[in-house]
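Here the structure is laid out as structure tokens; the discussion comes afterwards.
The values are calculated or read from the model by the stated rules, or taken from the named source; none is laboratory data. Just so it is clear, the structure is predicted and the values come from calculations on it, not from any experiment. Positions of Cβ are generated from backbone atoms using ideal geometry, with glycine treated the same way; all protein chains shown enter the neighbour counts. With ligands, DNA and RNA removed, areas are computed over all heavy atoms of the protein, side chains included. Shrake-Rupley method; radii C 1.70, N 1.55, O 1.52, S 1.80 Å.
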Amino acid sequence: MSEFLLGASLVAYFIASALYLANLHLKHKQLAAYGTVAAIAGFSLQTLRLILQTLNQSTPFANASEAIFFLSWAIAGLYLAILAWYRLPSVGSLAMPLAVVALALVYRFPTPAGGPLAGDGWMRIHVVAIITSFALFTLAFCCAVFYLIQNKLLKSKRMTGMFRRLPPLKTIDSLGYHLASIGFPLLTLGIITGIVGVEMARMRDTGAEIKLVTSAITWFAYAAYMVAHSSPGWRGKKANWILIVGALLTALTTALHKFS
Amino acid sequence: MHLVVVGLNHKTAQVEVREKLAVSEADLPKAIETLQACQCVAECCILSTCNRTEIYALIDSRENEEVLLDFISSYHGIPKMSFQDHIYRHRGHKAVEHLFSVTAGLDSMMIGEYQILGQVKDAFCIAGECDSTKTVLNNLFQQALSVGKRARSETDISKGAFSIGYAAVELARSIFGSLQELSILILGAGKMGELTAKHLISAGAKSISVANRTPARAEELAVKLGGCAVPFESFTDAMTQADVVIGSTGAPEPIVTKDQMAKIMRIRREKPIFMIDIAVPRDIEADAGDLDNVFLYDIDDLQALVQESVAERHKEIEKVREIIAEETRKFNSWFRTLEVVPLIKTLRQQFDDLREAEWQRNAGKLGHLSEKDQQTVQIMMQSLINRISHNPMIKIKEYASSPDGYSKLDTARELFGIIAEEVEDAEKPEQNDPEAAI
């Protein structure tokens, strides 16, 4: 059942991604709407699986594959929330493919592998806070990409094709900021609880230092973004580049993370 | 019964000719009345805008088309010779197709524009008030209006900028999203600046300020646009607050340099600014557009955007033509049901079926009759049917050639209980040639 839900939601997200991408380039009014239907279907399936997993296991997000599953669920959920609030289906053409990538990674970590995460309270808070902040940063990354594309199109004075389907510059800029400003405190919380959790469980290993360093760099990147967003000389293009760098650091941190 | 449109438009005639043949809205009822007085005109509607004057009419026969030209000539008091070369005529389904392309905006100077839809609606309303449109034209115009709406909602024929003002609105939307909260600053009180500001206002912008070297003109324009005037000396201060700046002064040199702009941006804390420079010579140094968060468009940029949108809309023409073809077919098949030939055919068929059914029902009871007697009975039945149907058939043919015959044919259909679809079905094999039908 769990395998089926996983596969089905992956297919649904894939369809949603294809439709959203097509919507950017083709003139067909219904494409985005169909994409949203697929995205909602996939999200429902994922939610169902999440509920079933939580009921079955005493500790949710007990391993790497569950954590990544949760990340893709959060990305899709956040995107749908943004869609409901801002009506920006164009964001889906990047957010949904990223949800697909995250979901496909679940297959890279067969269920028990990666070992169980420490079941105590600190680590549970750590995992939820970190993953939620990563989902928020992923969407902020999407916003930054669209901001930079739209900014370039506006500067080069080209208004055809994709231009009309992209979100307005100011809207996407402030949306990216909102997302990062929720993600940042969550990241802070995640890092602190992570350090505390490791200390408490005396699980310090050789990887811990690298983990700590990359996390700290990521944290500083987002801290810089929060300042840059409203500083003269940084606002706009440069600030959004920081957002993209931040997302890449996030991905790097995740890759180095051993989930132990 | 002959459906025809005669007229001229911006493609066939220069404005010098068009203005001579135009009928103002106030004069329309009188013109329609004059036209209706012609015996051969059953229904008519006159569409007269600055780009076209067209008469849509249902007349008794093709030979009488000249009546419409005679009307134009006598109504305007100009000889036929002077405009005949500019006139086009479309008959039957071509006339239907023509009206549909007009409402869809394909026939407009600015392709896909919205105005024409309102103009056709108005012309149709006036004709309706004059009672000059009945079954056929009512149906035709109602369908034409819905074609216009379909084309605009189902294709991108009306998307994008139609003018510099539209382009400005579209850009403002792409930068800021909503225009509601934007504050607009107009430099100079020129006509172009006013026009552009009006577009932004109609798109939702509310806060307007005007700076002009002559304060009185600034005041005047500010009142007109519902905004306020600011002293020209301090327009750079106003620029630190505004979201959209429209430059349209007559200054010989740029009034805002890149350095000044950079300073303004620092004071604005880099809040994005959209600058529309429609002045020639330009008001804002072109280099200022290189600064981050400054979106500077001059008149050529905007014009290029309009051209681009026109090109984009041209790509949609084929899709609109498909809609028009589909709707023309729909109208055509309805129009055919008004025709007399299919009606007579159906009627004959109906009588024959009746005779056959009666015979089948009673043949058993007549078995005792000799072969010859049975034949006599059949002949009797046939001749009875012929006699009964003789007069209706003659009358139906007569109606066909009278101008309002189709309404009488409607009555005939009702009397014999024939519904429209039946006629259509009987005619199906011939449907390949739509022109023959109308």
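Things to note:
- Note on the stretch B:145-181: residues that are more than 28 Å from the chain's Cα centre (by Cα), hydrophobic (A, V, I, L, M, F, W, C) and within 17 Å of B:SER207 (Cα to Cα) total 3.
- Residue count for the stretch B:23-37, restricted to those that are open to solvent by 70 Å² or more (accessible area, probe 1.4 Å), more than 21 Å from the chain's Cα centre (by Cα) and aliphatic (A, V, I, L, M): 1.
- Just one of the listed residues (B:LEU117, B:LEU179, B:LEU171) is at pLDDT 90 or above and away from every other protein chain (no Cβ under 14 Å), namely B:LEU117.
- Test for B:ILE186: is it open to solvent by 10 Å² or more (accessible area, probe 1.4 Å) and among the aliphatic types (A, V, I, L, M): no
This table checks each residue for (1) within 25 Å of A:ILE172 (Cα to Cα); (2) part of a loop (DSSP other than H, G, I, E, B); (3) assigned by TED's automatic domain parsing to the domain that holds B:VAL102.
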{"position": "B:ALA168", "(1), (2), (3)": "yes, no, no"}
{"position": "B:ALA172", "(1), (2), (3)": "yes, no, no"}
{"position": "B:ILE175", "(1), (2), (3)": "yes, no, no"}
{"position": "B:ALA197", "(1), (2), (3)": "no, no, no"}
{"position": "B:LEU200", "(1), (2), (3)": "yes, no, no"}
{"position": "B:ALA205", "(1), (2), (3)": "yes, yes, no"}
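- Filtering the stretch B:94-110 to residues that are crowded, with 19+ Cβ neighbours inside 10 Å, of a type in the set (A, V, I, L, M, F, W, C) and within 18 Å of B:GLN307 (Cα to Cα) leaves only B:LEU106.
- Verdict on B:GLU285 being under 22 Å from the mean Cα position of the chain (by Cα) and at pLDDT 90 or above: no
- Candidate set: the stretch A:219-238, residues that are part of a helix (DSSP H, G or I) and touching a residue at least 24 places away in the same chain (Cβ under 8 Å); chosen: the one farthest from the other protein chains (Cβ to nearest Cβ): A:TRP219
- Within the stretch A:128-171, the set of residues being open to solvent by 20 Å² or more (accessible area, probe 1.4 Å) and closer than 18 Å to A:ILE191 by Cβ comprises A:VAL128, A:ILE130, A:THR132, A:PHE134, A:THR138.
- Among the helices (runs of 4 or more DSSP H) confined to the stretch A:1-92, the ones with at least 3 residues that are among the aliphatic types (A, V, I, L, M) and open to solvent by 50 Å² or more (accessible area, probe 1.4 Å) are located at A:2-25, A:31-56.
- Given (1) more than 13 Å from chain A (Cβ to nearest Cβ); (2) open to solvent by 10 Å² or more (accessible area, probe 1.4 Å); (3) under 26 Å from the mean Cα position of the chain (by Cα), index of the condition B:ARG213 fails: (3)
- When B:VAL67 is tested against (1) touching a Gly at 6+ places or on another chain (Cβ under 9 Å); (2) surrounded by fewer than 22 Cβ atoms within 10 Å (Cβ to Cβ), just one condition goes unmet, and that condition is (1).
- Considering the stretch B:1-19, the residues that are within 20 Å of B:PHE335 (Cα to Cα) and not in a loop (DSSP other than H, G, I, E, B) include one that is modelled with the lowest pLDDT, namely B:HIS2.
- The number of residues in the stretch A:148-189 being within 11 Å of chain B (Cβ to nearest Cβ), in contact (Cβ under 8 Å) with a residue 24 or more places away in the chain and over 12 Å from B:SER174 (Cβ atoms) comes to 3.
- Filtered residues of the stretch B:14-63 (kept if among the acidic types (Asp, Glu) and touching a Cys at 6+ places or on another chain (Cβ under 7 Å)): B:GLU33, B:ASP60
- Lone unmet requirement of (1) in a helix (DSSP H, G or I); (2) open to solvent by 50 Å² or more (accessible area, probe 1.4 Å); (3) within 14 Å of another protein chain (Cβ to nearest Cβ); (4) basic (Lys, Arg) for B:LYS159: (1)
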